[in-house]
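Visitor: I am attaching a structure below and will ask some questions about it afterwards.
The values are calculated or read from the model by the stated rules, or taken from the named source; none is laboratory data. All values reported here derive from a predicted model rather than from experimental measurement. Note that each Cβ is placed from the backbone with ideal geometry, even for glycine, and that neighbours are counted across all protein chains shown. Quick note on the areas: whole protein, heavy atoms, side chains included, nothing else; ligands and nucleic acids left out. Shrake-Rupley method; radii C 1.70, N 1.55, O 1.52, S 1.80 Å.
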Amino acid sequence: MGVGEVIGTIVSRPSGSTHAGSGDQNVYNGPTYIFDPQSQRPKRSPRAAHRKDLEWLDDRFVEPKKYLEAATCLREWNVVLIAGRPGSGSRSTAQMLLHRLPGVDGPYREIPFDPTEGDRGIVVQSGDRILIDASAVSDELYSALHDQLLARQANVCDVGAFMAVAVPADIDTVIHGDLGRRIIQIEKPAVHVALHRYLDCDGIEVGLGDLDHPALRLRPMRDLDKLAQSIGDAREKGVGGIHEWLEGALKSASEQANDVANKARRMNGSERILFLAAAMLHEAHVDAVYDAAQSLQGQVEVAGEPTPLLEQEGLVRQLDSFNATVDEMRGYISFPGFDYDSKIRTHFWSNYPGLRTQFREWIRDVVDQSTLSGGDRDRVIARFAEQALRTGRPADLTSLAEGWSAKGALTARWPDAVRVLQLGLEDPRHSSAIRRKIREWALQENLPAERGQVLVEICADVIARTDPLSAAIRLRHLARQEDRRTSSAAREAIRSLCRQDRWFCRELIHLLVARMGTARVVSPADIEIFLYVTEPDESAVIVSSPGLRLLLTQGWQLVMAQSETPQWRRSVQKWLEAISESRLDEGALDILLDAAAQKDDVLSCLYATAVRWRQGQVANVQERMAVANRFCQRIDDLQGL
């Protein structure tokens, strides 16, 4: 069905989550690099980026009722379930409870609830802080959620970790007993107080009483950031005061939706196409709107023959009939009122379900337009993702990402592929589907190098922020790809993450040890990855942690059990070299000796390796001799010589 037939880059706001329960608004904090010949990996840890997001939220957060009760529950019982209605801020409350835990600075991570994955063998240690956002879980999954939370509760309490879970308000109908006593029902904070906090952080000084508007009380917490932006934009125009700015921002959503529907009803097919194009490219140049409308015209059927261009109304005049304004100096288009452009997009996606596939292909074309700036392109992708996810079509996002990372795809499209996948990952309703697709791609034989680069980035810069195990699983698969461009990028990302983030390192080594320990034939690629991430500079951090040290010993034991010794001999020599240069503590040799204990053939190989290393170079001779002699003596002692 065609439109005519119906009638006959980068967000400039600071990164960080807003208050939200079910259906959070996610504020984009884009990837910090793209793999290309000129780029290098960033120095900032993904977890540091996540801390920045939490600090941004902390500045704006207003505690709901029973927050102190929830904080006490988490501190004393290690587990709290924050129950609230959609828009009450249950996720943000759970985040802040973990972020503000007094005297606890262990790793913070988010474990996605996915009933298809079950218990993924996550390693939890004392002081770890775990967030689970189950606020959007449907009631048919309550039983599965209950079972997973019971298992997590036991694990968390046993080791002294902390877990906060955002859950639906009626979860107490299925969760009882000890876990049920950890449910804290919160209510939405006073929205005008929260908005005042947002405006204050943005440098907009207004009186608290000026914001106490009846319509504001009905707004969900997820609208706060957009409201603050709308008020800030109105202030910049210099017209009116806070009362006018707030009124404009709060114009009834239903009133706007009715206005959009009435306008669309009076339009012909071509006018509707321009109406949607203008909404999709709100704040872009008018030339980009025209190009987008032409592209959409080719995707959908419109009744009748097209009117010759010079017989049509001028483009600006047509846009003016939609109440869209074109800036005379800069040529940018905008709609009046708060979020009016969003209501237009929602109207078309809701009322033309048969065209959603064409809309997706249209966006694929629009993103290629030369008339779009980087910011325009980023906003178009975000607006499309919002509608696709709202209408339950996460596959539309992965379809775009697949095309933008296909064999031969332009490097300019790689960031767009990362962007659209990130938006899907940030939606709690559909993140599990996006994760599964990423894993499916990572396992794919003959994976295009272009897609491999995109997947490495989405794992290292997005998934690793909150879920190191998921990132480790997918990066391990990518590191095993035959194409060296993908495998090298994945291994470099793994090593960088291990250096920056001890939790990721722990998860990865635990994963490798588990895979090598259960495999009938240990994969050479897993051995390579293990040795790659345990080179001296990385091991200097690992050996200082008792939990990681034990995992490292187990890994070396499995590696040494392989008959192919030259590979691990080179790694042993690197360790000896680092010890002789004081880059690695000599106590690290205990790991090698413990791994080889009671295996005379392996101990003999270690001995021969040390002797060859000692004799191999003339530099640093005394230190090399001393380290090698002590190591060989300890091997003799173990063998009773």
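Visitor: Got a number for residues in the stretch 152-174 being over 20 Å from V124 (Cα atoms) and surrounded by fewer than 22 Cβ atoms within 10 Å (Cβ to Cβ)?
Guide: Counting residues in the stretch 152-174 that are over 20 Å from V124 (Cα atoms) and surrounded by fewer than 22 Cβ atoms within 10 Å (Cβ to Cβ) gives 5.
Visitor: Does T371 count as closer than 20 Å to A288 by Cβ, at pLDDT 90 or above, surrounded by fewer than 20 Cβ atoms within 10 Å (Cβ to Cβ) and hydroxyl-bearing (S, T, Y)? Explain how you work it out, then say what you get.
Guide: Working: closer than 20 Å to A288 by Cβ: yes; at pLDDT 90 or above: yes; surrounded by fewer than 20 Cβ atoms within 10 Å (Cβ to Cβ): yes; hydroxyl-bearing (S, T, Y): yes.
So T371 passes the test.
Visitor: Being among the hydroxyl-bearing types (S, T, Y) and surrounded by fewer than 18 Cβ atoms within 10 Å (Cβ to Cβ) is the filter here, so list the residues in the stretch 343-362 that pass it.
Guide: S350, T357
Visitor: Another question, then. List the number of the failed condition for L149; all other conditions in (1) open to solvent by 40 Å² or more (accessible area, probe 1.4 Å); (2) within 26 Å of G103 (Cα to Cα) hold.
Guide: For L149, the exception is condition (1).
Visitor: Cβ-Cβ distance below 8 Å, separation of 6 or more or different chains: which pairs start in the stretch 426-439 with a residue that is of a type in the set (A, V, I, L, M, F, W, C) and end on one that is open to solvent by 40 Å² or more (accessible area, probe 1.4 Å)?
Guide: These pairs meet every condition: A433/A395.
Visitor: Inside the stretch 484-521, can you point out the residues that are part of a loop (DSSP other than H, G, I, E, B) and open to solvent by 20 Å² or more (accessible area, probe 1.4 Å)?
Guide: Listed by number, the residues that qualify are A519, R520, V521.
Visitor: Here's a follow-up. Applying the selection to the stretch 461-491, what residues are closer than 12 Å to D501 by Cβ and either among the hydroxyl-bearing types (S, T, Y) or at pLDDT 95 or above (or both)?
Guide: Within the stretch 461-491, just T466 meets the criteria.
Visitor: Counting only residues that are part of a helix (DSSP H, G or I) and among the small types (G, A, S), which one in the stretch 403-436 is surrounded by the fewest Cβ atoms within 10 Å (Cβ to Cβ)?
Guide: Step one: filter the stretch 403-436 for residues part of a helix (DSSP H, G or I), giving 403-404, 411-425, 431-436.
Filter once more, so that each one left must be among the small types (G, A, S): 403, 412, 417, 424, 431-433.
On the way: G403: 16, A412: 14, A417: 27, G424: 26, S431: 23, S432: 17, A433: 19.
Ranking the candidates gives A412 first.
Visitor: Something else about it: If we keep just the residues of the stretch 215-240 that are under 19 Å from P64 (Cα atoms) and outside any helix (DSSP H, G or I), which is farthest from the chain's Cα centre (by Cα)? Give the derivation first.
Guide: Restricting attention to the stretch 215-240, the residues satisfying the condition of being under 19 Å from P64 (Cα atoms) are 216-225.
Now drop any that are not outside any helix (DSSP H, G or I), which leaves 219-220.
On the way: R219: 26, P220: 23 Å.
Checking each candidate, the answer is R219.
Visitor: Right, next: Taking the residues in the stretch 390-402 that are in a helix (DSSP H, G or I), charged (D, E, K, R) and open to solvent by 20 Å² or more (accessible area, probe 1.4 Å) as candidates, determine which candidate is farthest from F359 (Cα to Cα). Even if it seems obvious, please write down each step before you answer.
Guide: Pass one, the stretch 390-402, residues in a helix (DSSP H, G or I): 390, 394-402.
The next check asks that each one be charged (D, E, K, R); those that pass are 390, 396, 402.
Pick out the ones that are also open to solvent by 20 Å² or more (accessible area, probe 1.4 Å) and you get 390, 402.
Numbers: R390: 14, E402: 16 Å.
Residue satisfying both the conditions and the ranking: E402.
Visitor: Of the conditions (1) out of contact with any helix residue (DSSP H, G or I) (no Cβ under 9 Å at 6 or more places or on another chain); (2) open to solvent by 80 Å² or more (accessible area, probe 1.4 Å), D594 clears all except one; give me its number.
Guide: Condition not satisfied by D594: (1).
Visitor: Let me ask you something else. Please work out which residue is nearest to R91 (Cα to Cα), limiting yourself to the stretch 177-189 and to residues that are surrounded by fewer than 17 Cβ atoms within 10 Å (Cβ to Cβ) and of a type outside the set (D, E, K, R).
Guide: Pass one, the stretch 177-189, residues surrounded by fewer than 17 Cβ atoms within 10 Å (Cβ to Cβ): 177-178, 180-181, 187.
Retained after the next criterion (residues that are of a type outside the set (D, E, K, R)): 177, 180.
Working: G177: 23, G180: 18 Å.
The qualifying residue nearest to R91 (Cα to Cα) is G180.
Visitor: Given A136, A94, which one is surrounded by 18 or more Cβ atoms within 10 Å (Cβ to Cβ), under 20 Å from I175 (Cβ atoms), at pLDDT below 90 and not polar (S, T, N, Q)?
Guide: Sole residue among the options that is surrounded by 18 or more Cβ atoms within 10 Å (Cβ to Cβ), under 20 Å from I175 (Cβ atoms), at pLDDT below 90 and not polar (S, T, N, Q): A136.
Visitor: Being more than 28 Å from the chain's Cα centre (by Cα) and assigned to a loop (DSSP other than H, G, I, E, B) is the filter here, so list the residues in the stretch 183-201 that pass it.
Guide: If the condition is that a residue be more than 28 Å from the chain's Cα centre (by Cα) and assigned to a loop (DSSP other than H, G, I, E, B), then A190 is the only one that fits.
Visitor: Please note which strands (runs of 3 or more DSSP E) are completely contained in the stretch 85-173 and include at least 1 residues that are over 19 Å from W503 (Cβ atoms).
Guide: 162-168
Visitor: Just give me the residues in the stretch 324-342 being outside any strand (DSSP E or B) and open to solvent by 40 Å² or more (accessible area, probe 1.4 Å), in sequence order. Spell out the reasoning first.
Guide: First, the residues of the stretch 324-342 that are outside any strand (DSSP E or B): 324, 327-331, 335-342.
Listed by number, the residues that qualify are D327, E328, M329, R330, P336, G337.
Visitor: Could you please give the count of residues in the stretch 592-618 that are basic (K, R) and at pLDDT below 90?
Guide: 2
Visitor: Quickly run through the stretch 621-638 and pick out the residues that are polar (S, T, N, Q) and either in contact with a Ser or Thr (Cβ under 6 Å, 6 or more places away or on another chain) or modelled with pLDDT of 90 or more (or both).
Guide: Of everything in the stretch 621-638, those that are polar (S, T, N, Q) and either in contact with a Ser or Thr (Cβ under 6 Å, 6 or more places away or on another chain) or modelled with pLDDT of 90 or more (or both) turn out to be N629, Q633.
Visitor: If you don't mind, another one. Scan the stretch 58-73 for residues that are closer than 30 Å to D202 by Cβ and surrounded by 19 or more Cβ atoms within 10 Å (Cβ to Cβ) and jot them down. Please lay out each step first, then the result.
Guide: At the first step, the residues of the stretch 58-73 found to be closer than 30 Å to D202 by Cβ are 58-68, 70-71.
If the condition is that a residue be closer than 30 Å to D202 by Cβ and surrounded by 19 or more Cβ atoms within 10 Å (Cβ to Cβ), then R60, F61, V62, P64, Y67, A70, A71 are the ones that fit.
Visitor: I'd like to verify a number: residues in the stretch 74-83 that are open to solvent by 10 Å² or more (accessible area, probe 1.4 Å) and within 19 Å of M221 (Cβ to Cβ), how many?
Guide: 0
Visitor: Can you tell me which residue is nearest to the chain's Cα centre (by Cα) among those in the stretch 437-457 that are surrounded by fewer than 24 Cβ atoms within 10 Å (Cβ to Cβ) and either among the hydroxyl-bearing types (S, T, Y) or under 19 Å from E507 (Cβ atoms) (or both)?
Guide: R439
Visitor: Can you find, within the stretch 458-481, the residue that is most open to solvent (accessible area, probe 1.4 Å) among those that are among the polar types (S, T, N, Q) and within 12 Å of the chain's Cα centre (by Cα)? Working first, answer last.
Guide: Taking the stretch 458-481 as the starting set, the residues that turn out to be among the polar types (S, T, N, Q) are 466, 470, 481.
Okay, now just the ones that are also within 12 Å of the chain's Cα centre (by Cα), so 466, 470.
Working: T466: 22, S470: 0 Å².
It comes out as T466.
Visitor: Next question, about the same structure. What pairs come up if the first residue lies in the stretch 245-266 and is more than 20 Å from L227 (Cβ to Cβ), the second is of a type in the set (K, R) and in a helix (DSSP H, G or I), and their beta carbons are under 8 Å apart, counting only those six or more places apart or on different chains?
Guide: A264/R272
Visitor: Moving on. Of the numbered conditions (1) in contact with a helix residue (DSSP H, G or I) (Cβ under 7 Å, 6 or more places away or on another chain); (2) not in a loop (DSSP other than H, G, I, E, B), N258 satisfies every one except a single condition; which is it?
Guide: Going through the list (1) in contact with a helix residue (DSSP H, G or I) (Cβ under 7 Å, 6 or more places away or on another chain); (2) not in a loop (DSSP other than H, G, I, E, B), N258 breaks only (1).
Visitor: For the stretch 298-319, does any single residue satisfy the condition of being closer than 28 Å to R413 by Cα, open to solvent by 10 Å² or more (accessible area, probe 1.4 Å), at pLDDT below 90 and part of a helix (DSSP H, G or I)?
Guide: yes
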